[in-house]
Amino acid sequence: MTVAFALCLLALFVLAGIGTPVAYSMIVAAIVYLAVKGQDLGLAAEQIIQGLYDGFIILAVPLFIVAANIMNAGTISERLLAFCMAIVGRLRGGLGHVNVVANLIFSGMSGSAVADAAGLGKIIIEMMTKDGRYPRGYAAAITAAASTIGPIIPPSIPMVMYALVSDASIGFLFLGGILPGLLMGVVLMGLNAWVARKRDFAVEEAVPLRALPKVTLNAFPALLMPVILLYGIYGGATTPTEAAAVAAAYALILAGVFYRALSWRRLYAILSESARSSAAVGLVIGGALIFNYIVASENIPAHMAASLQGLHISPLAFLFMVNVLLLLLGCLLDASTIILVIIPLFIPTCRLLGIDLVHFGVVVVVNTMIGLITPPYGVVLFVINATTRIPLREIISEIWLFIGVLVVALLLMMLFPEIVLWLPRQFGYQG
């Protein structure tokens, strides 16, 4: 490790450790590296501009953020919850099942765990805790765990970021996330059913079957969003970025015209919030673009590959070690930082060991989503705490079982790559 790179890392960790936003920490650390190396400091701005100019796929991020925020507005979330309640609410622990199924459906619209937790999560937690039907901590914990499905089933903002640093096909990444997302939903519902029996949670009043057609019809336009996205991408009508624009336009028409749930003032607030969120993500991407240049300058991937060649490590052992490292990093770093800064270090080694980059990408995204609910730096836990005022200690005391079953699902995805790759291969993927 050169002195310049050591000082760069030191600046990054010191700044992040004292509470500086990660994006600013990365940019300042990169400037330290350039200064010590005697290179033009303007190179930092050049790398950001060039990377953003070449990264057409990055446009999908703000568009998916707009779509998610619009879908969270008005009556769309309530209609989806009513539909889920009619389907699985009659089971013991029914509201827990509704929570998971609603997140499975909503994940096909948002692509963001934080958006799901802040929007849909607040509504379902209020339903679960009403009249003391579920403990507050349990309601918040299952909501946090279910929200991690959001970025796995397409669309997925983290997968867009991974595609940016790996050159993997975003279309096949989206397809590869569908079965893992369903697997996560199944293990969460299985755990909820077990806990519901153990704690004797109440059985909700069943929605009459005669009401099911009306409830389904009310939710049907919203349920079409994932279908439109997937058909657009895999039917050849749109690129993933264009599909994000279609999603945002469809969400706007649905909420504003069809459901009449948006006022001009509300729309302005949604667009303003989306702009702020997009700018925050854009800064992190900008910092990552500079770090990618530094990593290439230091020839770190080649050094790592040479070290691993000497160890004669198997692909499965490498996957296992990387995922253990990422689970630990997830306790301290946010998902975007891990995907944009840490993951590029492993991509050359994956190619060397013959690890499929679509499989690796989906596993990595699932891993980082588990990090969003892992103390002490579980972003989703803080979001739910801020929106519901449920104390963090109550949430954390209930979250461990959910983390455990999600780690089991992650392990299954590592051991059986076909869970990820089967669906992409049905659409012609040759990896």
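For I149, the conditions (1) in a loop (DSSP other than H, G, I, E, B); (2) at pLDDT 80 or above; (3) open to solvent by 10 Å² or more (accessible area, probe 1.4 Å) all hold with the exception of (3). Figure legend. Inter-residue proximity from the range 321-332: first residues touching a residue at least 40 places away in the same chain (Cβ under 8 Å) and closer than 19 Å to C350 by Cα, second residues of a type outside the set (S, T, N, Q) and open to solvent by 30 Å² or more (accessible area, probe 1.4 Å), beta-carbon distance below 8 Å, spacing 6+ or different chains. Indicated pairs: L326/I342; L327/V407. Sub-7 Å Cβ pairs linking a first residue in the range 408-420 that is more than 11 Å from G361 (Cα to Cα) to a second residue that is not in a helix (DSSP H, G or I), at least 6 apart or interchain, are P417/D356, ordered by first then second residue. Looking at L327, L319, L289, which one is at pLDDT 80 or above, within 25 Å of N367 (Cα to Cα), surrounded by 18 or more Cβ atoms within 10 Å (Cβ to Cβ) and not charged (D, E, K, R)? Only one candidate qualifies: L319. Counting only helices (runs of 4 or more DSSP H) wholly contained in the range 1-102, the ones carrying 1 or more residues that are under 28 Å from the mean Cα position of the chain (by Cα) and modelled with pLDDT of 80 or more occupy 3-17, 22-37, 60-72, 76-88. Scanning for something closer than 25 Å to A163 by Cβ and not small (G, A, S), does the range 385-393 turn up at least one residue? No, every residue in the range 385-393 fails to be closer than 25 Å to A163 by Cβ and not small (G, A, S). Considered as a group, the residues in the range 345-381 that are part of a loop (DSSP other than H, G, I, E, B) and among the small types (G, A, S) include one that is least open to solvent (accessible area, probe 1.4 Å), and that residue is G378.
Annotation note: of T143, T129, the sole residue that is open to solvent by 10 Å² or more (accessible area, probe 1.4 Å), part of a helix (DSSP H, G or I) and in contact with a helix residue (DSSP H, G or I) (Cβ under 9 Å, 6 or more places away or on another chain) is T129. Comparison of G150, G176, G132 shows that the only residue that is of a type outside the set (K, R) and over 29 Å from I57 (Cβ atoms) is G132.
From the list I342, I384, the lone residue that is in a helix (DSSP H, G or I), at pLDDT below 90, crowded, with 21+ Cβ neighbours inside 10 Å and under 19 Å from the mean Cα position of the chain (by Cα) is I384.
The values are calculated or read from the model by the stated rules, or taken from the named source; none is laboratory data. Since this is a predicted model, take the numbers as computed values, not measurements. A quick note on method: Cβ atoms are made from the backbone with ideal geometry, for glycine too, and the neighbour counts reach across all protein chains shown. These area figures cover heavy atoms from the full protein model, side chains too; ligands, DNA and RNA do not enter into them. Shrake-Rupley method; radii C 1.70, N 1.55, O 1.52, S 1.80 Å.
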